[in-house]
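Here is the structure we will look at.
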Amino acid sequence: MSYKRVEIFLLLTTLLTTVATATTSLIPAQGRGTLLQVQVIARHGARTALTKTATSLLEGGAALTPIGEKQLYDLGVWLRERYKHPLHLDLYESGKIHLQSSDFDRTVVSASSMALGLFPKLSRSHANTTVLLPPDITPANVPVHTKDRLNDVDIRGYTLCPLIKTRLDALYDDATFLNIESANEPLLMFLGKHKAFEYYTKDGKVELKELWNVYDSINVAKTECDCLHCNTAPTCLALPDSSIKDYLTDTQWQHTIQTAHAVEHLKFGKETTESLIGANILKTVLTRMGNTPNQPDDERRRLAHSTDPGTTTTVNPKTLEHFIYFSSHYPTILGVFSTLNLIELNPNTPVSDGGIPDYASALLFELWRSSNDEYEVVAVFKDGDTLTSLVLPCQTVNNEPCTLVQFAASIAAITSKDSVNSDSQWCTKCQNNVSDICMKETLIKYQINGGWSNFSIVVAAFVSMVLSIGGTVCCCLLFQKHNKATNASNPRVEMSMGTRHGSKRADIGMERLKEEEEDEVFDDRI
């Protein structure tokens, strides 16, 4: 590695952590006793190219590719092999399984693909169940639950937190960030010469804040076209320009990966986001470990937060869900890593080494009951073929798992420090006043403080709902009018890409990125 690259690497590494932390000597805990539950936070599989705006975090459309489907199917097979017997997953039982996904094609299909591996046809055929489908058909009886995008504060909270967007604006103008851009100028200039990346280019070079879009385009081309017979596959042929996979030398490509991933760590890491991304989904994970079944996630959290965290972790194994799956995105996983300080505590993971969670990577939380009837939590991270047992922040003794009470207390301590220990605090700090849970918290807080009557709250909620729906309709009408002739090229709208696994339309959004970035009609809602 040259002196220049070492200098760049050190500069990026310095930004990734505010204070250098000593490598922990703790040994990751192993599960012991009886496994009761596993919760999985996984990234979707390989997909078509995805255009993103740097600050608003709005996205274009993307569809899972056959490679992505196979990645998630393989993850499901691996999960079945690991948990089939201890969690009694031989047969699918709806009351014991919960699959949740963000409301995007790539994550919903990822969850369904995983379910095909976890629950093959034989595991879905109960002895006393009537099956009217043809014998060669796998029953589609594993539901995938989603929330409206404006309400998905667990999986997609980073897109519903205006404070994060404000901090991203500040990050891109920070002298240190600009110094990184300057240090990488030769690479950014070289990338700026290619016509495919001209819409991410300013003054002859790709802007560092836009490097993700360039990296992703090349990575998709390499993923879909750089394997045996892939270059003739429909997904590869549908790319706008598959030749970009060969534009960089191996050294340049590794440099691009390192730099792009480091920027994503800066965007979604501890220094920028604190616990804003991980707090909500971790509270959901925690409450799903307790005895609050068949409740909406926000109600579960409200019950769990109503008393001291250490007293709300009672578990009823008879009603406990055995397998819970969140089909998510790499910022979700990075946010959980940041919230729990997993990067500092586990320097041996690919994420701790500066990478972002790969396609189909999975963060697993296992709930165990020990021989002395104590409930314990251990965590594992799967990234490709790498499986790493993790040290959790509540772990204080070598190879001793955190108790469920300790796990709850550690989350409460971290999120309290960042003032996001409740839904109300998260909504206030994030400046979110449009998600249902935030509107509800605002109304409840006002009533507690001597505000409106119950009737007034109902009326206000109804009026707010009408205004929200009306505003959304107006925004959509304005947007459609503004883009009547070019709706298919809008990089912000998750849409069908023409063919099942993508088409040339998937990347046309590049041509509209800068123009659309100036139109914040949708951003005003969050």
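Checking SER328, SER361 one by one, the residue that is touching a Pro at 6+ places or on another chain (Cβ under 9 Å), among the polar types (S, T, N, Q) and closer than 16 Å to LEU79 by Cβ is SER361 and no other.
Among the residues of the stretch 407-427, the ones that are of a type in the set (Phe, Trp, Tyr) and either assigned to a loop (DSSP other than H, G, I, E, B) or not assigned by TED's automatic domain parsing to the domain that holds PHE365 (or both) come to 1 in all.
Could you say whether any residue in the stretch 200-209 is on the phi > 0 side of the Ramachandran plot, in contact with a helix residue (DSSP H, G or I) (Cβ under 6 Å, 6 or more places away or on another chain) and without any contact (Cβ under 8 Å) to a residue 40 or more places away in the chain?
yes
One residue stands out in the stretch 210-237 among those that are touching a residue at least 24 places away in the same chain (Cβ under 8 Å) and of a type in the set (Val, Ile, Thr): the one that is nearest to THR51 (Cα to Cα), namely VAL214. Of the listed requirements (1) modelled with pLDDT of 90 or more; (2) not in a helix (DSSP H, G or I), ASN291 misses just one: (1). In a helix (DSSP H, G or I) and either over 16 Å from VAL263 (Cβ atoms) or among the polar types (S, T, N, Q) (or both), is that true of VAL220? Spelling it out, VAL220 is indeed in a helix (DSSP H, G or I) and either over 16 Å from VAL263 (Cβ atoms) or among the polar types (S, T, N, Q) (or both). Do the conditions hold for ASN421, that is, is it surrounded by 18 or more Cβ atoms within 10 Å (Cβ to Cβ), touching a His at 6+ places or on another chain (Cβ under 8 Å) and not β-branched (Val, Ile, Thr)? Spelling it out, ASN421 is indeed surrounded by 18 or more Cβ atoms within 10 Å (Cβ to Cβ), touching a His at 6+ places or on another chain (Cβ under 8 Å) and not β-branched (Val, Ile, Thr).
All of (1) touching a residue at least 24 places away in the same chain (Cβ under 8 Å); (2) touching a helix residue (DSSP H, G or I) at 6+ places or on another chain (Cβ under 9 Å); (3) in the same structural domain as HIS255 (by TED's automatic domain parsing) hold for ASP169 with one exception: (2).
Of the helices (runs of 4 or more DSSP H) contained entirely in the stretch 79-192, those carrying at least 1 residues that are surrounded by 15 or more Cβ atoms within 10 Å (Cβ to Cβ) and more than 23 Å from the chain's Cα centre (by Cα) fall at 175-183, 185-192. For the stretch 372-406, a residue qualifies if it is part of a helix (DSSP H, G or I) and touching a helix residue (DSSP H, G or I) at 6+ places or on another chain (Cβ under 7 Å), and exactly one does: VAL405. For the stretch 21-78, the set of residues classified as within 24 Å of the chain's Cα centre (by Cα), part of a loop (DSSP other than H, G, I, E, B), surrounded by fewer than 23 Cβ atoms within 10 Å (Cβ to Cβ) and β-branched (Val, Ile, Thr) consists of THR53, THR55, listed by residue number.
The values are calculated or read from the model by the stated rules, or taken from the named source; none is laboratory data. Keep in mind that this is a model prediction, so the values were computed, not measured. For neighbour counting, all protein chains shown are included, and Cβ atoms are generated from backbone atoms with ideal geometry for every residue, glycine included.
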